[in-house]
Amino acid sequence: MLVDQHKRDEFTKNLAQNFSVIASPGTGKTTAITDRIGNLVLSEASLKNFIAVTYTDKAAKEIKERVYGKILTDKTVSEVTLKNLEGIFFGTIHGFCAKFLREHYGKAHLNKDFEIIGDDRDLWHKFTSQINKIIDKIVPIGLRDCLANHFKLGEILRQAREVTAPTTCGEKFVPPPMEDIAEILAYEASASEDKIYDFQKNVKLWMNSKGTCSFPEIPKVGGQNFSKHCSEKIQTYLRWKSEMECYLTNKISEEYVAFKIAHNSLGYNELTNLTLKILADKEYREKYVQDYTIILDEAQDTDEIQFKILLNLISYDLYEKIFGPGELDTFKGGSFSLVGDPKQSIYADRADVEFYIFLHNKLLEKKFLKQLNFNVTMRCSRRIVEFVNAKFEHAFMSSSIKFIPMCAKPGSKQGRIEILRGESGKILVEIFSNKTCSDFGVESFSEVCILAPRKSWLSELAKSCKGDDTLPRMQLGFDENLENFPSILKWTASIMHFLNNICDHRELAGTLREIFGINTREIIKFFNHNDSTICESICDKFITLKQEQRHLSLPSFIRKTMDNFHLVPRIKSLNIFTDEEINTHYESIMDASYQTNLSCDELERKLINLYKNPQAPSMTDKNSIQLLSFHKSKGLEWPVVILPFMYRERKLMGSKLGKNALENERRMLFVACTRARERLILVNDSEYHTKSHRINMISSASLLGY
């Protein structure tokens, strides 16, 4: 404990040194960050540009409140201190980039009042409706057939929409080396080389398919001469195709970015890319962007582009110098400290933990940073610390993550690790049946949490326990994204969308199915003009509402819509949300509808944004056991944590299967195990789940080596 306190003191008080802190779960990193920021503010040195970057706005708000509480309790705050405090930016990297671009909008050729969009579906639809004009700018007219013959435009468009940063590839679109393909077809196959003959036929079919099928697989038989001949020729073609695909993707992506800017709208990728583009201008940067003091929280979840932005705020081309030869120069006026833990990097699709470790090691090698390890956890009891150290010591050996054992603080409770055998649902019934919260040593059941790797498993669990009066209530953790779950926000947005597009049968079918629970057979019967009383009744209500819409204010229209279709009772009957949560969602809808001069289309978009990007977590029911996914447990803790489904297999999730996805699942399990303060219960349900031995399937037990 004393050793860790010494490290924390060094981090918070040695303000001239740049640090990289590796902070294990519960080791007080937020307190350390707060204290360092507070000491920097109180140092009386004028801080020109000070940013504290966190992964979420919620975390930024917490740090800001702590810093303000630390500083403003002193009645003798100086003008310099107050100016330093008021000048700090607390927020996410995207929040900072938005602020930066509004300050330097002229350099980025933006309007100052640009809009940040999370959902770009409408813009994308408008953009792709002009795709022929866009292709004309990218591909010469004489090569349009070549594009159709060799590429699937839909796939190119999908990739272009997802580009995070452009890559270097061909300078222009050029025709393929088809003469090489012709030479493959010219090879005279002997009577014994049937597979080569079939391959040549498939090549001809491919050439006539206009790019709608893949190039056929080269046969492994036929002798060394054919294999060598074919490989050389096809490699030339495949290299061309890869380069042209990259070229098309980047060019369409560039056109889409320009289209967004023209419509005064930026996505998250544009925020970072445009910020980095401004910082790449040395002359501009040295004139307008100087002397940044940066503290980065959750550094393991920061991607390469974001690191480039932060390092270039310290000094122009610092990022390049880190990877170059020789020592780094001393950078006056700017400082950079980062706090993170690679073992808790659980956002594989957004960040690259391998790159974070690589950069971290480079910064240490160049002596730009000094590393400190916070190992003493204030959270976990001794037994839980021992369990985590034993089970995860070898779990990360296949990755570049170095496992640093945790230490329990002196005087911490003994704690308990329990492994219960049986089917997960039945075990939970046995644990909680006719029990009070005092039986678990807690003041309320909200201090007990059940964690699972998949949200759908939690819903399944809640349904299986529903209606049993011997059990406490269970609350699904819907402080997370509501997009995949029925909610009054989502249903109201769906109804508004149909009312705005009342002739769209596809939207009607979706609304009938999702909100009113009409089965597909009944919907088909209705669309085929056969009798379907229930569908006709609902459609009549829609038509009546549409007719009344012009005579009602928007709030009155929304209220009448929700009442006519009984949306609140329908949502309550699903038993997904508490009454408090439903009331909060209802009030959010009504608040949005009261905004001046809002059209139905605009309200629909606002409701979609509300359920996709909730502004605040939902209320916790004090009398309910919490159900959360591993992902959403990050940063939280409970006295009692239960991990069911230990042997139930799941598919590896993420954009990349294999090692990366496997390591991400292992880190998520590490996070889940370290949420418990005093008691960790694992459910061994091995008798109910057979191991599949498929390479893309894993279980929590297999990740722990069971």
**OP:** Project the alpha carbons of the stretch 289-404 onto their principal axes and report the range along each, largest first, in whole Å.
**Re:** 49, 28, 27
Subject >> Cross-link pairs beyond the 20 Å C-alpha cut-off, checked among Lys99/Lys362; Lys126/Lys260; Lys13/Lys413 >> reply: Lys99/Lys362; Lys13/Lys413
**OP:** Using a 1.4 Å probe and ignoring any ligands, DNA or RNA, find the accessible area of Thr12 and quote it in Å² to the nearest 10.
**Re:** 10 Å²
Original post:
What are the aspartates and glutamates whose alpha-carbon lies under 14 Å from the alpha-carbon of Lys201, with same-chain residues fewer than 8 places away excluded?
Top reply: Glu183, Glu188, Glu193, Glu217
**OP:** Determine the sum of side-chain charges near Glu649: Lys and Arg each +1, Asp and Glu each -1, restricted to other residues whose C-beta is under 12 angstrom from that of Glu649.
**Re:** +4
**OP:** Sorted from largest down, give the three principal axis spans of the alpha carbons of the stretch 263-318, whole angstrom values.
**Re:** 32, 29, 15
Subject >> Anchor Lys48: aspartates and glutamates whose Cα lies under 18 Å away (excluding residues fewer than 8 positions away in-chain) >> reply: Glu79, Glu86, Glu103, Glu286, Asp291
**OP:** Report the normalised scattering of the stretch 27-162 as log10 I(q)/I(0) at q = 0.15, 0.17, 0.22 Å⁻¹, calculated by the Debye formula with identical scatterers on the alpha carbons.
**Re:** -0.86, -0.99, -1.29
Original post:
Which pairs, out of Lys29/Lys58; Lys70/Lys370; Lys343/Lys632; Lys287/Lys370; Lys490/Lys560; Lys402/Lys632, put more than 21 Å between their alpha-carbon atoms?
Top reply: Lys70/Lys370; Lys287/Lys370; Lys402/Lys632
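What translational diffusion coefficient, in µm²/s and rounded to a whole number, does the Stokes-Einstein relation yield for the stretch 355-486 at 4 °C and a viscosity of 1.567 mPa s, taking the hydrodynamic radius as the Kirkwood radius over Cα pairs?
In µm²/s, the coefficient is 69.
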**OP:** Would you mind working out the accessible area per residue for the stretch 371-436, using a 1.4 Å probe, and quoting it in Å²?
**Re:** 51 Å²
**OP:** Could you tell me what percent of the accessible area of the stretch 61-161 is made up of carbon and sulfur, with a 1.4 Å probe and every protein chain present?
**Re:** 50 percent
**OP:** Provide Met697, Met668 ordered by accessible surface of protein heavy atoms (probe 1.4 Å), highest first.
**Re:** Met697, Met668
Subject >> Accessible surface of the stretch 411-458 [probe 1.4 Å, protein heavy atoms]: carbon and sulfur percent >> reply: 49 percent
**OP:** Can you work out the accessible area per residue across the stretch 98-173, with the rest of the protein chains kept in place, probe 1.4 Å, in square angstrom?
**Re:** 63 Å²
Original post:
Cα-Cα over 32 Å: which of Lys251/Lys282; Lys133/Lys282; Lys172/Lys367?
Top reply: Lys133/Lys282; Lys172/Lys367
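The values are calculated or read from the model by the stated rules, or taken from the named source; none is laboratory data. If you're wondering where the values come from, they're calculated on a predicted model, not measured in any experiment. Virtual Cβ from ideal backbone geometry, glycine too; neighbours counted across all protein chains shown. Quick note on the areas: whole protein, heavy atoms, side chains included, nothing else; ligands and nucleic acids left out. Shrake-Rupley method; radii C 1.70, N 1.55, O 1.52, S 1.80 Å.
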